[in-house]
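Each remark here refers to the structure printed beneath this line.
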Amino acid sequence: MDFCRFIINFCCLIFTVNAATRCVRASGRVECPTDNDMASNVEVRLLDRDSLPWETDDLMGSTLTDANGNYIVEGCGDDVFNWNDPDPYIELKHRCPLPGHTVTIPHRFKEIEIAHKFLPEKIVEVQNVRLDLDN
Ligand SMILES: [Ca+2]
Ligand SMILES: [Ca+2]
């Protein structure tokens, strides 16, 4: 019984202490050629992809784009074990119409892969994204 408790405590220790927290700052710009107004106030979420079946992706940070579609999003995430950096990507929630359309009623989502670079050494510069196009 004591041995079981020891094992459980030991595992908890590994999972809590031995996680690497890394922080990301990413800047970029979104464009919506079909309706320029839809490039502003786009929800930008910085997420850490967690691919194990019992996990959901962790929210590291979020922001909204400015009137010109620019954003800087920043946040920290962690994964178990200190050799295991978070796997950041960006999800955009927007209502930019598809080419040939003038309105979009429901929100659309777009995922962008970003470089896995971390603060304080690196700021990630994300390529400009066209929201009207499906990935
Ligand atoms: Ca992860
Ligand atoms: Ca994680």
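Would you tally the residues in segment 34-59 being more than 10 Å from ligand 1 (Cβ to nearest atom) and outside any loop (DSSP other than H, G, I, E, B)?
We begin by selecting, within segment 34-59, every residue more than 10 Å from ligand 1 (Cβ to nearest atom); these are 34-46, 53-54, 56, 59.
Among the residues that remain, those that are also outside any loop (DSSP other than H, G, I, E, B) are: 36-39, 43-46, 59.
Residues in segment 34-59 being more than 10 Å from ligand 1 (Cβ to nearest atom) and outside any loop (DSSP other than H, G, I, E, B): 9 in total.
Just checking, how many residues over segment 62-100 are within 15 Å of ligand 1 (Cβ to nearest atom), within 15 Å of GLU111 (Cα to Cα) and either in contact with a helix residue (DSSP H, G or I) (Cβ under 6 Å, 6 or more places away or on another chain) or of a type outside the set (Asp, Glu) (or both)? Steps first, answer last, please.
Keep residues of segment 62-100 that are within 15 Å of ligand 1 (Cβ to nearest atom), which gives 75-91.
Narrowing the set further to residues that are within 15 Å of GLU111 (Cα to Cα) leaves 87-91.
Retained after the next criterion (residues that are either in contact with a helix residue (DSSP H, G or I) (Cβ under 6 Å, 6 or more places away or on another chain) or of a type outside the set (Asp, Glu) (or both)): 88-90.
Qualifying residue count, segment 62-100: 3.
Select from segment 50-93 the residues that are more than 15 Å from the chain's Cα centre (by Cα) and closer than 22 Å to VAL126 by Cβ and list them in ascending order.
Scanning segment 50-93 gives ASP66, ALA67, ASN68, GLY69, ASN70.
Please identify the pairs in which a residue from segment 57-79 that is buried (at least 19 other Cβ atoms within 10 Å of the Cβ) has its Cβ atom under 6 Å from the Cβ atom of a residue that is not in a strand (DSSP E or B), counting only partners at least 6 apart or on another chain.
Cβ pairs passing all conditions: THR65/SER40; THR65/VAL42; GLY69/ALA39; TYR71/THR65; GLY77/PRO86; ASP79/PRO86.
I'm trying to understand the selection: among the residues of segment 97-135, which are closer than 12 Å to ARG25 by Cβ and either in contact (Cβ under 8 Å) with a residue 12 or more places away in the chain or over 15 Å from the mean Cα position of the chain (by Cα) (or both)?
ILE114, LYS117, PHE118, LEU119, PRO120, GLU121, LYS122, ILE123, VAL124, GLU125, VAL126, listed by residue number.
In segment 80-96, what count of residues is obtained for those that are within 20 Å of ARG45 (Cα to Cα), touching a residue at least 60 places away in the same chain (Cβ under 8 Å), assigned to a loop (DSSP other than H, G, I, E, B) and not hydrophobic (A, V, I, L, M, F, W, C)? Don't jump to the end; show me each part of the working.
Keep residues of segment 80-96 that are within 20 Å of ARG45 (Cα to Cα), which gives 85-96.
From the residues that got through so far, the ones that are touching a residue at least 60 places away in the same chain (Cβ under 8 Å) too are 85-86, 88, 90, 92, 94, 96.
Those still in the list that are assigned to a loop (DSSP other than H, G, I, E, B) too: 85-86, 96.
Narrowing the set further to residues that are not hydrophobic (A, V, I, L, M, F, W, C) leaves 85-86.
Residues that pass the stated criteria total 2.
Read-outs: derived from the displayed coordinates by stated rules, not from any lab. In this text the structure is predicted, and so the values were computed from the model without any measurement. Positions of Cβ are generated from backbone atoms using ideal geometry, with glycine treated the same way; all protein chains shown enter the neighbour counts.
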